[in-house]
């Protein structure tokens, strides 16, 4: 595969400190394994940061927004104008991700990756659209390879910006009417699964709407049946926000950040990133299991254990924000909890 720019080099996590970190975790004043997934998180974060005292520094969630040409096929019950309206809601502080980011102590950034409606300048908006929405992949590829490459690079650049400010924990969210259709097609092609197990109700389709969506996406996959190379799959079915997320994942792993993976669309973007740089998987913590059809199958495909299962299906990075306190708890027990020896408590082998 030839790219117009070089993807960041992602190294698998260095395992040198695994035994030391595991011993530290096991000798805290608790039965081994009794903190469950928090212990797994603590170990992962220590390995990523190459320290026995992991920290959370300046956590960030980036919400990428873009529109999709496939919306013209009636695959969403909401009009495309909602994408721009929700971006304005993010900027005004009125969305769920704003509330949850505040609770979690997370810096929130909103990126216009390709909203169809031109947006007015705002201090809180990173306005870097690739184009005014993608084309309709029911008829033609959603974007060119050059546009896909540009979006990957732009997403990576946003992560590098935050890395330079000290961020070591990051999550990604999205906004884009019809982006569950793009995500379902990416999942189907990249995971080699039938579209029926990938497509869901999105923002609330009824049974008739779901059947229509399934038929539209099945026909689109058939039209582009020979598209299999990862970058081409992204260009054919993806959205600009999904492509920017994919580039952001790779750059975050390169920067040795702990990455909180959100729901269905965010995980579809991760599938693209993993196809381009498989070692990204080592840096990912999976925030939650979405209630959107297909997400649990994605998690099974990735052999991922989600931290939460709250029946969320909103997107925006909301699940990632809600998982940040769990990361805080994981590093807190490593750094603040006494060991059996320091507390003078007899362990089970005494």
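Miscellaneous remarks
- With respect to the conditions (1) surrounded by fewer than 24 Cβ atoms within 10 Å (Cβ to Cβ); (2) farther than 30 Å from residue 88 by Cβ; (3) in contact (Cβ under 8 Å) with a residue 24 or more places away in the chain, residue 296 falls short on a single one, namely (3).
- Qualifying residue in region 231-252 (condition: surrounded by fewer than 19 Cβ atoms within 10 Å (Cβ to Cβ), in a helix (DSSP H, G or I) and in contact (Cβ under 8 Å) with a residue 60 or more places away in the chain): yes
- The number of residues in region 113-144 being surrounded by 13 or more Cβ atoms within 10 Å (Cβ to Cβ) and within 20 Å of residue 173 (Cα to Cα) comes to 17.
- Residue that is farthest from residue 333 (Cα to Cα) [pool: residues in region 24-38 that are in contact (Cβ under 8 Å) with a residue 40 or more places away in the chain and not in a loop (DSSP other than H, G, I, E, B)]: 37
- Among the residues here, residue 199 qualifies as modelled with pLDDT under 95, crowded, with 23+ Cβ neighbours inside 10 Å and in contact with a helix residue (DSSP H, G or I) (Cβ under 6 Å, 6 or more places away or on another chain).
- Restricting 251, 275, 235, 266 to those that are modelled with pLDDT of 95 or more and out of contact with any helix residue (DSSP H, G or I) (no Cβ under 6 Å at 6 or more places or on another chain) reduces the list to 266.
The values are calculated or read from the model by the stated rules, or taken from the named source; none is laboratory data. Only a predicted model underlies this, so the values are computations on that prediction, with no experimental measurement involved. Cβ sites come from the backbone with ideal geometry, for glycine too, and all protein chains shown count toward neighbours.
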